[in-house]
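Here is the structure we will look at.
No lab work stands behind these numbers, since they all come straight from the coordinates. What you are looking at is a predicted structure, and each value in this text was computed from that prediction instead of being measured. Methodologically, a virtual Cβ is constructed for each residue, glycine included, from the backbone with ideal geometry; neighbour enumeration extends over all protein chains shown.
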There are 2 protein chains.
Amino acid sequence: MESVIGVNLPQESYEIAIASGNLAKLGDRMMSLNLGKKVLVVSNPVIFQYYGEVAIASLKEAGFEVAQITLPAGESYKTHDSLQKIYDAALENRLERSSTMVALGGGVIGDMTGFASATWLRGINFVQVPTTLLAMVDASIGGKTGVNHPQGKNLIGAFHQPREVLIDPEVLKTLPVREFRAGIAEVIKYGIIWDAELFSQMERSQYLDCLDNLDLGLLQEILTRSCQAKADVVSKDEKEAGLRAILNYGHTIGHAVESLTEYRVVNHGEAVAIGMVAAGEIAVTLQMWDKLASERQNALIQKAGLPTALPPGLDIEAIVDALSTDKKVKAGKVRFVLPTQIGAAIVTDQVPRDVIKQVLQQMSS
Amino acid sequence: MESVIGVNLPQESYEIAIASGNLAKLGDRMMSLNLGKKVLVVSNPVIFQYYGEVAIASLKEAGFEVAQITLPAGESYKTHDSLQKIYDAALENRLERSSTMVALGGGVIGDMTGFASATWLRGINFVQVPTTLLAMVDASIGGKTGVNHPQGKNLIGAFHQPREVLIDPEVLKTLPVREFRAGIAEVIKYGIIWDAELFSQMERSQYLDCLDNLDLGLLQEILTRSCQAKADVVSKDEKEAGLRAILNYGHTIGHAVESLTEYRVVNHGEAVAIGMVAAGEIAVTLQMWDKLASERQNALIQKAGLPTALPPGLDIEAIVDALSTDKKVKAGKVRFVLPTQIGAAIVTDQVPRDVIKQVLQQMSS
């Protein structure tokens, strides 16, 4: 099974290639992009141990000069210090404007490598090789790059599109089950906001909580349809002027929960799951969405082994306050993405503070 | 006298407005750009003392909410630490995606503020109010932003176009004479690579070494023609794929000299002056430019009170080595901009190392 999805943007277009065994084809695929000879592979130690050798052998065989650097994984390492290490490696290996940084890892590696490539020499080439389900279906597509500020996630960043996204589903075999589920949270998001058929396919599957229980055909559908959804939205609105905001479904409250628990209690996908339950309840409360659809969403979230309640001990007021420091704030108003049916959502800044608090109180455990 | 020059780019266009008294019109001009209410003015302490009050009063009168931050001036402060202070001020004042950072200062303030605005929330609005001649005719136009890496100038940066460049020649009255001359170096550059008439106008002026000796009509011509030259080149090649490289005339060796003397011995304009003398000599040696034209260039550089020899004690080998870490290196080859007549230049990577060394030896003091 192989899928190739085009991301078509005004100034630069690229492909997302999804197929088993793609990792060993990295060098060949990159050769066809007419890049300079020098490549810096950025990875984390665990992923590099599993997949570094195959990736680097493929690049060398295709004629690239390859350097590598590994950085600790995890949201708490998505900092200026890690970025500085990539810059230092770029300098040491004398990367030029025609050179390429390859991100081999999850979303943190992809975001940091993307930002480093956006800002080194005012922008060099960048290739995404995501190794987590979350990065495959979300972070690796669309050109959002960045690092965290001590007081907020992704406050420092840039839009910088990759030259290619190469996805090899085989690498998911070593993904911890909790991280697999985190990826499924974003897939459920696409089902709710964009692709009702994807939602139904997941509803029909008996299991959704780990890779071993998943039909390979469904996995390929999940990857292809999710990447297609993201590519569709990004192609229509690269710089998040309008439509792209719907991709933030579940993220408004999700980000606040991640931030307040210092990225240690829930992972990104779990936070999005909690955020989707909250946004769904808000939509039901505001009579924009029917209760049955919201129950179907929450059932799917539970089938995926994802949380539907707030982590214990979180202060409701603190969550509501945190919403106003989010990037998505406009003229002081908090924007929410709310579903109107399965497969469609709208953006609104008209959610009363009381409704947010009421829904969060219901979700307190 | 008032000039308005358009910079026309595929995705975003903007104006450079040049007129005495413009500073007091900052707020009104920005109102017409349809920006959000929040503005962060970034300046250095000296400039802010002279002009901060007028700028801020103008912004407030137009209805903006204004915050301010001052950072030390000078190339050695163009660092990540200064950038972090701008980010912190952005966070503290809760800047949003529709907010604007205003750079009120010279090239260092402009470059850092530009980079901060390029990377805060993945890009917010940015307005340039350059207060040095160098920043007016060069750095403030074209969207190059960045900070220095400890081992090289502008290695970290982004392309981010301002929404407007507002130039008030009045502010040059407080500019130290050495900095005025540094700006004239870039003006001479435009004469050589682009605008023979500008070159002749400066040749005809009896003095060129300080503002007090300058005819006000000539000053307006210098500002307008220089900004027009930069706008022409940038409009044709925003991301420096080709033509824009000619703006680096004098900068190849200039950057190496600045870097090796740790930005403390010569300022940017002086380094460019030295670099233009060197590039001119190289062009003459390679029989691409006639000796007489190069002598006219050097005479103009001297009339402006700018250096034509290397700073004492610089090692020629070290300069040649430093050339290869420059951003402008492509496939290991050093690119030079060489004049072919007054008003025209080409880019080449075919300058033999021996010729570079020979010319630098002639220029050793």
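Along its principal axes, what span do the Cα atoms of the stretch B:202-353 show, with the longest given first and each in whole Å?
So the three principal-axis extents are 45, 39, 30 Å.
Which trypsin sites (Lys or Arg not before Pro) in the stretch A:28-116 sit in a loop by DSSP (not H, G, I, E or B) and have at most 15 other Cβ atoms within 10 Å of their own Cβ?
Working: sites: A:Arg29, A:Lys37, A:Lys38, A:Lys60, A:Lys78, A:Lys85, A:Arg94, A:Arg97; in loops: A:Lys37, A:Lys78, A:Arg94, A:Arg97.
Those satisfying the criteria are A:Lys37, A:Arg94.
Within the stretch B:127-147, name every residue whose backbone N is under 16 Å away from a label modeled 7 Å from Cα of B:Leu33 along the Cβ vector.
B:127-131, B:136, B:139-145
Treating the point 7 Å from Cα along Cα-beta-carbon as the label, what are the nm separations from A:Glu2 to the other copies, to one decimal?
Those separations, rounded to one decimal, come out as 6.2 nm.
Per-residue Cβ counts within 10 Å, from other chains only, averaged over B:151-160: what number is that?
Mean shielding count: 5.
Give me log10 I(q)/I(0) at q = 0.11, 0.25 Å⁻¹ for the stretch B:60-159, Debye formula, one equal scatterer per alpha-carbon, no solvent.
-0.29, -1.48
Using just the C-alpha positions of the stretch B:28-94 as equal point scatterers, what log10 of I(q)/I(0) does the Debye formula give at each q in 0.14, 0.28 1/Å?
Here the Debye-derived log intensity ratios amount to -0.47, -1.20.
Mind listing the label-point distances from A:Arg264 to the same position on all other copies, shortest first, one decimal in nm, points 7 Å along Cα→Cβ?
Shortest to longest, the spacings are 4.3 nm.
Which of the listed residues, B:Met276, B:Leu243, B:Pro312, is farthest toward the dipole's positive end in the stretch B:178-362, when Lys, Arg count +1 and Asp, Glu count -1 at the beta-carbon?
Value: B:Leu243.
Taking the label point 7 Å from Cα in the Cβ direction, how far apart in nm is A:Asp321 from each other copy of itself, listed shortest first?
Output for A:Asp321: 5.5 nm, nearest copy listed first.
I want to make sure I understand the PRE zone here: with the label point 7 angstrom from the Cα of A:Leu218 toward its beta carbon, which residues in the stretch A:149-182 have backbone N atoms less than 20 Å away?
A:169-182
Could you give the angle, 0 to 90 degrees to the nearest 10, between helix A:291-303's Cα long axis and the longest principal axis of the Cα atoms of chain A?
50
Taking a ≥ b ≥ c as the square roots of the eigenvalues of the Cα gyration tensor of the stretch A:253-301, is the shape rounded (a/c under 1.5), prolate (a/b larger than b/c) or oblate?
Oblate shape, in that a/c is at least 1.5 and b/c is the bigger or equal ratio.
Quick check on the protein assembly as shown: helices-only [θ] at 222 nm, where DSSP H runs of length 4 and up contribute -39,500 (n - 2.57) each and the sum goes over total residues. Nearest 500, please.
Theoretical 222 nm ellipticity from helices: -12500 deg cm²/dmol.
In a solvent-free Debye calculation with one equal scatterer on each Cα, what is log10 I(q)/I(0) for the stretch A:2-174 at q = 0.09, 0.15, 0.17, 0.20 Å⁻¹, listed in the order of the q values?
For the stretch A:2-174 at q = 0.09, 0.15, 0.17, 0.20 Å⁻¹, log10 I(q)/I(0) is -0.25, -0.74, -0.98, -1.43.
As an exercise, use a Förster radius of 22 Å and the Cβ-Cβ distance of B:Glu61 and B:Asp88 to find the FRET efficiency, rounded to the nearest 0.05.
Step by step, r from the Cβ atoms, then E = 0.20.
Longer than 21 Å from Cα to Cα, which of B:Lys85/B:Lys230; A:Lys38/A:Lys60; A:Lys78/B:Lys144 are they? Say none if no pair is.
The answer is B:Lys85/B:Lys230; A:Lys78/B:Lys144.
Equivalent-ellipsoid semi-axes (√(5λ), Cα gyration tensor) for the protein assembly as shown, whole Å, largest first?
50, 30, 19
Can you tell me the FRET efficiency between B:Asp315 and A:Glu12 if r is taken as the Cβ-Cβ distance and R0 is 45 Å, rounded to the nearest 0.05? Please report the intermediate quantities before stating the final value.
Details: r = 42 Å, r/R0 = 0.94.
Efficiency computed from Cβ-Cβ geometry: 0.60.
For the residue pair A:Gln361 and A:Thr348, what label-to-label distance in nm results when each label sits 7 Å from Cα along the Cα-to-beta-carbon direction?
2.1
Rg to Rh ratio, chain A, alpha-carbon atoms and Kirkwood radius?
Radius of gyration over Kirkwood radius for chain A works out to 0.96.
Could you compute the FRET efficiency for A:Ser3 and A:Arg264, with r as their C-beta to C-beta distance and R0 at 45 Å, rounded to 0.05?
0.80
With both bridge residues required to lie in the protein assembly as shown, what share of the DSSP beta bridges run antiparallel, to the nearest 5%?
Antiparallel bridges make up about 45 percent of those DSSP assigns within the protein assembly as shown.
Hey, rough spin-label estimate for A:Glu203 and B:Lys25, points 7 angstrom out along Cα→Cβ, what's it come to in nanometres?
With each label point 7 Å from Cα toward Cβ, the separation is 6.2 nm.
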